[in-house]
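So the structure is just underneath, and the comments pick up after that.
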Amino acid sequence: MSGTSMDGVDAVVVRFDQHTPELLAASHTPYPDTLARDLERLVTGDDRIDLRKLLELDYRIADAFASAARELIETLPASVHVKAIGSHGQTIYHLPDGPTPNTLQLGNPALIAERTGVTTIADWRRRDMAAGGQGAPLAPAFHWHFLRREHDIAVLNLGGIANITVIPGHHSTVPPAGFDTGPANTLLDGWVALHSGQRYDDKGRWAGGGTAIPALLDRMLDDPYFSLAPPKSTGREHFNLGWLRQILSTIPTTPQPTDVAATLVELTAHSVQRAIETFDETVRIKRLLVCGGGVHNDYLMQRLAATLAPIEVSSTETAGIDPDYMEAMAFAWFASRTLAGQPIETSPFTGASGGRVLGAIYPA
């Protein structure tokens, strides 16, 4: 798995014999600097990309995925047999609305299957879109399947974009729900890189040294996306530094960079609060379980807890699932479902017309 943060490859080996997935091994492999820079230019640049360059990136991403998979497999005992690889790929563009909805993930799965000798399953989102869904978020289907023993909870994935899954109580007639709430790490990471040279704000210390700007926060929250009814999904095509600069241009004075960072943290916290408030009449959420890279941002976690009080905010680790590898585990589970010919019910989360067997199989 590599998400909208585009920082590298999360690889996991997961066994699904029991109700709770068993994480056997995991690793994170950063993208080479040259690949990370090329991807950043591709996603944020205004110029058309040469098709030759696009195909080159498709190869290089697959090479990075295959290397991460091979290296992790080599750490396993001989008794463990890897049945399949579920490869999400790297999202380059996500266009769920309009007359021609589509989404593009790079990372040639045929090359991964060839390099690893393991059957590889990829291209998950377009079948959901073909069935009338947004193609995202898909992780809520995994959250619902493995965490519904909990009740009146929400699961928040703080990746580049944040998505939330609402799981009602056992006796509730309300179905589960999930959607993208808005930006999480993508804007903050980009702003931090621009002003400090670091790839992310370690534990939120940089943003924590600033003071949020109420007027700037209000301008951000005026974006029409936040008032859209679910199902909905978004990405870096919408929430990017260009979007941020345009809003900053409407502020009469030039704010300090750390104050902008603090405001971006508030944007995540308040957009999550708005998302939860949409369920107040049907589900009384008592606990928020957080996963994704943002779980390590202490300042963001503090602001979430303060903004959402009295809802209890904690890591998904308290429910037995590693917060760093939740999404990678989800695509391993999706692969197991695809091999078994079992549909994945995404309609409550993406708006698809029903469950579908997702993914295309590339045999070893």
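Rule-based calculations on the coordinates, nothing more; no lab input. Owing to the predicted nature of the structure, the values given are computational and were not obtained by experimental measurement. Quick reminder, even Gly has a Cβ in these numbers, built from the backbone with ideal geometry, and neighbours come from all protein chains shown.
Over the stretch 139-319, what is the relative contact order in whole percent, taking alpha-carbon pairs under 8 Å and six or more residues apart?
Value for the stretch 139-319: 28 percent.
Just tell me which lysines come within less than 25 Å, Cα to Cα, of Lys286; anything on the same chain fewer than 8 places away is out.
Partners found: Lys232.
As a test, work out the antiparallel percent of DSSP beta bridges whose residues both lie in the chain, rounded to the nearest 5.
Of those bridges, close to 70 percent are antiparallel.
State the dimensionless ratio Rg/Rh of the stretch 13-110 (Rg: radius of gyration of Cα atoms; Rh: Kirkwood radius).
Across the stretch 13-110, the Cα-based Rg/Rh ratio is 1.06.
Can you pull the one-decimal nm distance between simple spin-label points at Thr278 and Thr44, each 7 Å off the Cα toward Cβ?
Spacing of the two 7 Å Cα→Cβ label points: 2.8 nm.
To the nearest 20 Debye, how big is the dipole of the chain about its Cα centre, given +1 on the beta carbon of each Lys and Arg and -1 on that of each Asp and Glu?
Using only the charged Cβ atoms, the result is roughly 500 debye.
Taking 1 over the mean of 1/r across every pair of different Cα atoms in the stretch 191-233, what Kirkwood radius in Å do you get?
Kirkwood radius, the stretch 191-233: 12.8 Å.
Across the Cα atoms of the stretch 139-319, what radius of gyration and what greatest pairwise Cα-Cα distance (Dmax) are found, in Å?
In Å, with Rg to one decimal and Dmax whole: 16.1, 53.
Using the Karplus curve 6.51 cos²θ - 1.76 cosθ + 1.60 with θ = phi - 60°, what ³J(HN,Hα) values do you get for each residue of the stretch 136-146, in whole Hz, with x for Gly and Pro?
Karplus values, whole Hz, x for Gly and Pro: 6, x, 9, 3, x, 5, 6, 4, 5, 5, 9.
So, in nm, how far is label His81 from label Leu194 when the simple model puts each one 7 Å beyond its Cα toward the Cβ?
My value for the distance between the label points is 5.2 nm.
Ratio of Rg to Rh for the chain, alpha carbon only, Kirkwood?
0.95
Would you kindly give the portion of the calculated P(r) for the stretch 104-232 that falls above 26 Å, as a percent of all Cα pairs?
Tail of P(r) above 26 Å: 45 percent of Cα pairs.
Only Cα pairs within less than 10 Å get springs; with that Gaussian network setup on the chain, which residue of Ser27, Ser249, Ser79 has the largest fluctuation?
Top of the fluctuation ranking is Ser79.
Output the relative contact order of the chain, whole-number percent, from Cα pairs under 8 angstrom with separation of 6+ residues.
Relative contact order comes out at 22 percent.
Return the inverse of the average 1/r over all pairs of distinct C-alpha atoms in the stretch 152-208, which is the Kirkwood hydrodynamic radius, in Å to one decimal.
Roughly 13.1 Å, rounded to one decimal.
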